[in-house]
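S.K.: To start, I am sharing the structure in question, which I have written as structure tokens.
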Amino acid sequence: MRRWAKRAGVSVALWAALGCPGNAPRPAPATGEPELRIAIAVGTANASIGGPESGELFISDATTGVPVGSVPPGVRWVIVVDSADPSRLRLVRPDSTPTAPLRGIAVVNVTENRFVVANGRRYRGRITVTAGRGGLTMVNRVGVESYIAGVVGPEIGVRRPDEMDAVLAQAVVSRSFAVKNRGRWDAFGFDAYADTRDQVYLGVAVETNQVWDAVRRTAGQVLEYDDGVIDAYFHSTCGFSTAGVEEAFATARARPYLRPVSDDRGGGHYYCDISPRFRWREEWDALKLRAILSRTLSTVMPVAGDGLPRITDVTVSRTTRSGRVGELRIVFERGDIRIPGPDVRSVLRPDPDRTLSSAAFQLAVTKGAGGAVDKVVAVGAGSGHAVGMCQWGAIGRARAGQDYRSILTTYFPGTKIERLY
């Protein structure tokens, strides 16, 4: 699941506008800084280490620590699952000669101020690769601060100088989320995915001077409630108010610091109204609605071979305390079905491959002859699940002069910022 939003988002090509540290080493790790295991590839048939931007890589057997070999600077080796035993892997050199089968490998860069290049991307720390029946799993083992430096940019985007406190807020939220969820995927041998299942992590390529400034200025800082690190959710655009966590996730329990928070800044404006996703509109004609619902409803109700029964109405049957859709009712010629709020965005899709922007919307339904639905229009607000920190709201608040501490304790009421290490 994506427990936070689409990123506030700008092109990675703009990183250069604020200066990229390039091959500069990161600061020495803070005392007690935890290490994270980030899955940068899972279930792949092959992978690679080394390449044009890599220094010399030293490879050892991950199980025994016995040296396997070294990859010269600029040279690329391929890793494949062993055809005879899927629990083992082999390294294939540029001349196509393979190594003996191995259960796993560990890779470190031994060239000063250079990085491990894995699947064409640069990473700090070290890389481990293991094989299993699902394919190869490639993990970057890296300190929390270096991980946050590879997360903040993709999640909040390149920001103007007067928006810097939003970047600082994102660093604290991302660090809190990472620390709180450390070990969540332990059964698979890592702590976090490098994609939207956790946080988008792209390694050294997206590090900028702005990002490292935010990481250094907030080093070790996390959000706490009752002396424990919080579940630090975030999303793109709340639209008018954030939501309680129980509104967005069916299995979540309510938390005092994850309750609705107004984004009103007075005068009929909201802090996040600068977002390109602040307001939106979607439309379905009868054919499109039937096609979408035939696909999405098949997981919650039986659909006959000739498709859905005739749809006679689509209504919002319940709203949540923050004003979002708490239940959607789809009425057929005979009977109806009620979709709980957390599932509405994935059922009422604008397109098969795109979820609805948010659960904050109103519906207008047009009916044709015989009472069948002819057209449905949804007019909505915001983007994402709306729980926790609104990223565009944080940007708007920073522009208004609020510092990152104020921004965070507003979106997470009752919390405090503490230095964990």
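The values are calculated or read from the model by the stated rules, or taken from the named source; none is laboratory data. Just so we're clear, the structure is a prediction, and the values are computed from it rather than from any experiment. Cβ coordinates were reconstructed from backbone atoms using ideal geometry, including for glycine residues, and neighbour counts include every protein chain displayed.
S.K.: Among the residues of region 99-121, count how many are touching a Lys or Arg at 6+ places or on another chain (Cβ under 9 Å) and not aromatic (F, W, Y).
M.R.: To start, the set of residues in region 99-121 that are touching a Lys or Arg at 6+ places or on another chain (Cβ under 9 Å) comprises 99-104, 106-109, 114-117, 120.
Then keep just the ones that are not aromatic (F, W, Y); that gives 99-104, 106-109, 114, 116-117, 120.
The number of residues fulfilling the criteria is 14.
S.K.: For the condition under 26 Å from L223 (Cβ atoms), of a type in the set (V, I, T) and touching a Phe, Trp or Tyr at 6+ places or on another chain (Cβ under 8 Å), what is the one hit in V387, V325, V376? Outline the logic, then answer.
M.R.: Values: V325 fails: under 26 Å from L223 (Cβ atoms); V376 fails: under 26 Å from L223 (Cβ atoms).
Going through V387, V325, V376 in turn, just one is under 26 Å from L223 (Cβ atoms), of a type in the set (V, I, T) and touching a Phe, Trp or Tyr at 6+ places or on another chain (Cβ under 8 Å): V387.
S.K.: Here is a further query. Are any residues in region 379-409 of a type in the set (A, V, I, L, M, F, W, C) and crowded, with 24+ Cβ neighbours inside 10 Å, and if so, which ones?
M.R.: Narrowing region 379-409 to residues of a type in the set (A, V, I, L, M, F, W, C): 379, 381, 386-387, 389-390, 392, 394-395, 398, 400, 407-408.
Scanning region 379-409 gives A381, A386, V387, M389, C390, W392, A394, I395, A398, I407, L408.
Per-residue answers, yes or no, for (1) under 17 Å from G396 (Cα atoms); (2) in contact with a strand residue (DSSP E or B) (Cβ under 9 Å, 6 or more places away or on another chain); (3) in a helix (DSSP H, G or I):
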site: V172; (1), (2), (3): no, yes, yes
site: R182; (1), (2), (3): no, yes, no
site: F190; (1), (2), (3): no, yes, no
site: D198; (1), (2), (3): no, yes, no
site: A205; (1), (2), (3): no, yes, yes
site: V215; (1), (2), (3): no, no, yes
site: L223; (1), (2), (3): no, yes, no
site: Y257; (1), (2), (3): no, yes, no
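S.K.: Could you check S346 against (1) in a helix (DSSP H, G or I); (2) over 22 Å from T251 (Cβ atoms) and say which number it fails?
M.R.: Evaluating S346 over (1) in a helix (DSSP H, G or I); (2) over 22 Å from T251 (Cβ atoms) leaves (2) as the failure.
S.K.: Would you confirm whether or not region 238-254 contains a residue that is of a type in the set (S, T, N, Q), over 13 Å from G384 (Cβ atoms) and surrounded by fewer than 20 Cβ atoms within 10 Å (Cβ to Cβ)?
M.R.: yes
S.K.: Quick one: which residue in R334, R329, R321, R345 is in contact with a Leu (Cβ under 8 Å, 6 or more places away or on another chain), assigned by TED's automatic domain parsing to the domain that holds L287 and either of a type in the set (D, E, K, R) or buried (at least 21 other Cβ atoms within 10 Å of the Cβ) (or both)?
M.R.: On the way: R334 fails: in contact with a Leu (Cβ under 8 Å, 6 or more places away or on another chain); R329 fails: in contact with a Leu (Cβ under 8 Å, 6 or more places away or on another chain); R321 fails: in contact with a Leu (Cβ under 8 Å, 6 or more places away or on another chain).
When all the criteria are applied, what remains is R345.
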